[in-house]
Amino acid sequence: MKTFLAVFIGNQESTIKAGWRDLAPDEQNARVEKGVAAWRKWMTDNADALIFEGGPLGKTKSISKSGVEDISNLLAGFVVLKAESHEAAAKKFEHHPHFTIFPGVGVEVMEMLPIPGG
């Protein structure tokens with residue numbers, strides 16, 4: 001089994017494009033309830049593959065030689081999972097509620113490789 005990091009991506013543009021902000025508050029709340037229920041079902045259905053449930057991500061700071069600064073990126077949340085292959089890991093996210101119910105852009109899945117020489 002290999003280990004994979006799945007990152008949920010989204011941005012303000014995807015929220016606007018999906019019309020999320022144009023929904024009446026009661027319709028938005030109904031979609032949130034539906035989305036949370038679907039997300040929980042996905043977590044339950046894939047519990048055997050999950051190594052770390054992860055969660056939503058907050059604001060971002062970038063640290064470099066220039067110092068620390070507030071930045072914006074597409075990262076919205078993450079999970080860590082195991083699968084036989086990259087393709088098998090990716091297939092677990094087809095039709096995920098992050099982008100089928102919520103206005104997320106998508107999910108990016110990458111293998112977590114061992115540290116060289118480690």
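The values are calculated or read from the model by the stated rules, or taken from the named source; none is laboratory data. Not measured: the values here are computed from a predicted model. Reconstructed Cβ throughout: ideal geometry from the backbone, glycine too, with neighbour counts over all protein chains shown. Quick note on the areas: whole protein, heavy atoms, side chains included, nothing else; ligands and nucleic acids left out. Shrake-Rupley method; radii C 1.70, N 1.55, O 1.52, S 1.80 Å.
Regarding region 70-93, can at least one residue be identified that is among the aliphatic types (A, V, I, L, M), surrounded by fewer than 14 Cβ atoms within 10 Å (Cβ to Cβ) and more than 15 Å from GLY10 (Cβ to Cβ)? Give the derivation first.
So the first thing to find is which residues in region 70-93 are among the aliphatic types (A, V, I, L, M), and the list is 71, 74-76, 79-81, 83, 88-90.
Those left that are additionally surrounded by fewer than 14 Cβ atoms within 10 Å (Cβ to Cβ): 71.
Next, from what is left, pick out any that are more than 15 Å from GLY10 (Cβ to Cβ): 71.
There is at least one residue in region 70-93 that is among the aliphatic types (A, V, I, L, M), surrounded by fewer than 14 Cβ atoms within 10 Å (Cβ to Cβ) and more than 15 Å from GLY10 (Cβ to Cβ).
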- [ ] Name the single residue, out of those in region 1-21 being at pLDDT 90 or above and out of contact with any Leu (no Cβ under 7 Å at 6 or more places or on another chain), that is surrounded by the fewest Cβ atoms within 10 Å (Cβ to Cβ).
- [x] MET1
- [ ] Go through region 30-83 and tell me which strands (runs of 3 or more DSSP E), entirely inside it, have 1 or more residues that are without any contact (Cβ under 8 Å) to a residue 12 or more places away in the chain.
- [x] 60-64, 67-71
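How many residues, within region 22-44, are among the hydrophobic types (A, V, I, L, M, F, W, C), open to solvent by 50 Å² or more (accessible area, probe 1.4 Å) and more than 15 Å from HIS96 (Cβ to Cβ)? Even if it seems obvious, please write down each step before you answer.
Here is the first cut: in region 22-44, the ones among the hydrophobic types (A, V, I, L, M, F, W, C) are 23-24, 30, 32, 36-39, 42-43.
Still in the running and open to solvent by 50 Å² or more (accessible area, probe 1.4 Å): 30, 32, 36-37, 39.
Now restrict to residues that are more than 15 Å from HIS96 (Cβ to Cβ): 30, 32.
Going through region 22-44 one residue at a time, the tally reaches 2.
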Open item on the list: For region 84-118, give me each residue that is among the aromatic types (Phe, Trp, Tyr) and either in a loop (DSSP other than H, G, I, E, B) or farther than 18 Å from ASP45 by Cβ (or both).
Closed with: PHE93, PHE102
Open item on the list: Against the condition within 15 Å of VAL107 (Cα to Cα), touching a Lys or Arg at 6+ places or on another chain (Cβ under 9 Å) and open to solvent by less than 80 Å² (accessible area, probe 1.4 Å), how does ALA49 come out, does it pass?
Closed with: no
- [ ] For region 21-74, enumerate the residues that are touching a strand residue (DSSP E or B) at 6+ places or on another chain (Cβ under 6 Å) and among the hydrophobic types (A, V, I, L, M, F, W, C).
- [x] ALA49, LEU50, ILE51, PHE52, LEU57, VAL68, ILE71, LEU74
Task: Any hit, region 52-68, residues being more than 13 Å from the chain's Cα centre (by Cα), open to solvent by less than 60 Å² (accessible area, probe 1.4 Å) and under 18 Å from VAL107 (Cα atoms) - done: no
